[in-house]
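**Q** Encoded as structure tokens, here's the structure I'll be asking about.
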Amino acid sequence: MHLLSIDDLSTGDIETLFQLSDGFLEVASRPIKKVPTLRGRTQVNMFFEASTRTLTSFELAGKRLSADVVNIKASGSSVSKGESLKDTILTLESYRPDIIVMRHHQVGACRLAARYTGASVVNAGDGAGEHPTQCLLDLYSLRRTFGRLDGLKVAIVGDVLRSRVARSNVFGFRKMGIDVRLVGPPTLMPPGIGRWNVPVYQDLAALEDVDVVYLLRMQLERARGRVPPVPSLREYSRVWGLSRQRLRPGQKVMHPGPINRGVELSGDLADDDRSLILHQVESGLAVRMAILYHVLAPHPEADTG
Ligand code: NCD
């Protein structure tokens, strides 16, 4: 199976992934952190856009499951020589990969790739489209922290406009019974936000009663020549930036990373014990091991040997 959108998974699938993740979290605590689950399988990570934590966690996840892992980055590959995505996928197809993990700057690129390969395609972020594995690791981090998901209140704050994380998280969080709201200036909300069917607030007072404040990075690199949606980063951080003082006792902070210290959150808040940012990264490795296992699990030959 492919994992292209968070909507590809039922609540039952997500529960199964959490159970698998619990097992893989335990593997990560052992002195020898490797299991033979995907021995003989080939995983290709194709990253056409910058990434640190997503690429390293997928690479490490594959290696800890004993898969053969190959990384392809846009710079240094034939993509920079003008090869089309279709031709790159067809070329790789000759090696018969089992899993292609892909990040691309265009919405829908992973869905297109899935048409030309027999491998299971995992979307590791497609433009401003989706980022389903981030949503799953965030859900898993929440579940580990609070012991439940149903009934939690989460505010997603900031640059929703260009955020694939916000898109996947709104839909995935709601699927698991979380009460989600969006908070930020109207210029950072996408057109058509009404169709998301989620409350939108233009005031930090909307954070008052939430359990978790989920901050988004200001993605100015995606503005590309267009008028920036906020007057300046200093202004944004003064009005919308989160500091320790603005957080109520007991509230937790999440962020998909990379963080901009001093923009969407203050440096001391990033290092505060109410920040789950590094907990999210730890959860990410276990969840991505679970995902790699799960996308291959329906194939009967996955369990042999
Ligand atoms: C996010 C992404 O790439 O969409 N980061 C990530 O995957 N850890 C969010 C971001 O870049 O701000």
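The values are calculated or read from the model by the stated rules, or taken from the named source; none is laboratory data. The structure presented is a predicted model; accordingly, all values stated were derived computationally and were not measured. Counting neighbours? That spans all protein chains shown, and the Cβs are built from the backbone with ideal geometry, glycine included.
**Q** Anything in the stretch 130-156 that is within 13 Å of the ligand (Cβ to nearest atom) and either within 27 Å of residue 187 (Cβ to Cβ) or acidic (Asp, Glu) (or both)? List them, or say none.
**A** Scanning the stretch 130-156 gives 130, 131, 132, 134, 135, 138, 156.
**Q** With the stretch 1-113 as the region, which helices (runs of 4 or more DSSP H) entirely inside it contain at least 2 residues that are of a type in the set (Val, Ile, Thr) and either over 22 Å from the mean Cα position of the chain (by Cα) or modelled with pLDDT under 95 (or both)? Give the steps one after another, and end with the answer.
**A** Working: elements: 11-28, 53-64, 85-93.
By residue number, 85-93.
**Q** In the stretch 114-153, how many residues are under 13 Å from residue 256 (Cβ atoms), hydrophobic (A, V, I, L, M, F, W, C) and assigned to a strand (DSSP E or B)?
**A** 1
**Q** Still on this structure: For the stretch 114-131, give me the residue count where each residue is more than 18 Å from residue 292 (Cα to Cα) and over 23 Å from the mean Cα position of the chain (by Cα).
**A** Residues in the stretch 114-131 being more than 18 Å from residue 292 (Cα to Cα) and over 23 Å from the mean Cα position of the chain (by Cα): 1 in total.
**Q** Let me ask you something else. Return the residues of the stretch 240-273 that are away from the ligand (no atom under 15 Å from the Cβ) and either of a type in the set (Gly, Ala, Ser) or in the same structural domain as residue 63 (by TED's automatic domain parsing) (or both); say none if nothing qualifies.
**A** 241, 243, 250, 262, 266, 267, listed by residue number.
**Q** Moving on to the next point. Tally the residues that are within 11 Å of the ligand (Cβ to nearest atom) and touching a residue at least 24 places away in the same chain (Cβ under 8 Å), restricting the search to the stretch 50-79.
**A** Count: 7.
**Q** Specify the residue that is surrounded by the most Cβ atoms within 10 Å (Cβ to Cβ); the eligible residues are those in the stretch 239-278 that are of a type in the set (S, T, N, Q) and under 21 Å from residue 208 (Cα atoms). Let's see the steps before the verdict.
**A** Filtering the stretch 239-278 for residues of a type in the set (S, T, N, Q) gives 243, 245, 251, 260, 266, 275.
Keeping just the survivors that are under 21 Å from residue 208 (Cα atoms) gives 243, 245, 251, 266, 275.
Numbers: 243: 14, 245: 8, 251: 18, 266: 19, 275: 21.
If we take residues in the stretch 239-278 being of a type in the set (S, T, N, Q) and under 21 Å from residue 208 (Cα atoms), then 275 is surrounded by the most Cβ atoms within 10 Å (Cβ to Cβ).
**Q** Working only within the stretch 154-172, note down all residues that are of a type outside the set (Gly, Ala, Ser) and outside any loop (DSSP other than H, G, I, E, B).
**A** Selection gives 154, 156, 157, 164, 165, 167, 169, 170, 171.
**Q** Moving on to the next point. Select from the stretch 92-113 the residues that are within 18 Å of residue 49 (Cα to Cα) and of a type in the set (Gly, Ala, Ser) and list them in ascending order.
**A** First pass over the stretch 92-113, keeping only residues within 18 Å of residue 49 (Cα to Cα): 100-113.
Listed by number, the residues that qualify are 108, 109, 113.
**Q** Hey, residue 116 hits all of (1) within 13 Å of the ligand (Cβ to nearest atom); (2) buried (at least 16 other Cβ atoms within 10 Å of the Cβ); (3) farther than 23 Å from residue 285 by Cα but one; which does it fall short on?
**A** (1)
**Q** Sticking with this one: Just to verify a result, which residue in the stretch 6-49, among those that are within 16 Å of the ligand (Cβ to nearest atom) and out of contact with any helix residue (DSSP H, G or I) (no Cβ under 6 Å at 6 or more places or on another chain), is farthest from residue 119 (Cα to Cα)?
**A** Looking at the filtered set, the residue picked out is 49.
**Q** Being in the same structural domain as residue 47 (by TED's automatic domain parsing) and either over 16 Å from residue 7 (Cβ atoms) or in contact with a Cys (Cβ under 9 Å, 6 or more places away or on another chain) (or both) is true for just one of 119, 155. Which residue is that?
**A** Of 119, 155, the one residue that is in the same structural domain as residue 47 (by TED's automatic domain parsing) and either over 16 Å from residue 7 (Cβ atoms) or in contact with a Cys (Cβ under 9 Å, 6 or more places away or on another chain) (or both) is 119.
**Q** Return the residues of the stretch 158-180 that are within 10 Å of the ligand (Cβ to nearest atom) and not basic (Lys, Arg); say none if nothing qualifies.
**A** Residues satisfying the conditions are 158, 159, 163, 165, 166, 168.
**Q** Within the stretch 182-204, is even one residue in a strand (DSSP E or B), within 15 Å of the ligand (Cβ to nearest atom) and either β-branched (Val, Ile, Thr) or modelled with pLDDT under 95 (or both)?
**A** Looking for residues that are in a strand (DSSP E or B), within 15 Å of the ligand (Cβ to nearest atom) and either β-branched (Val, Ile, Thr) or modelled with pLDDT under 95 (or both), one finds none in the stretch 182-204, hence no.
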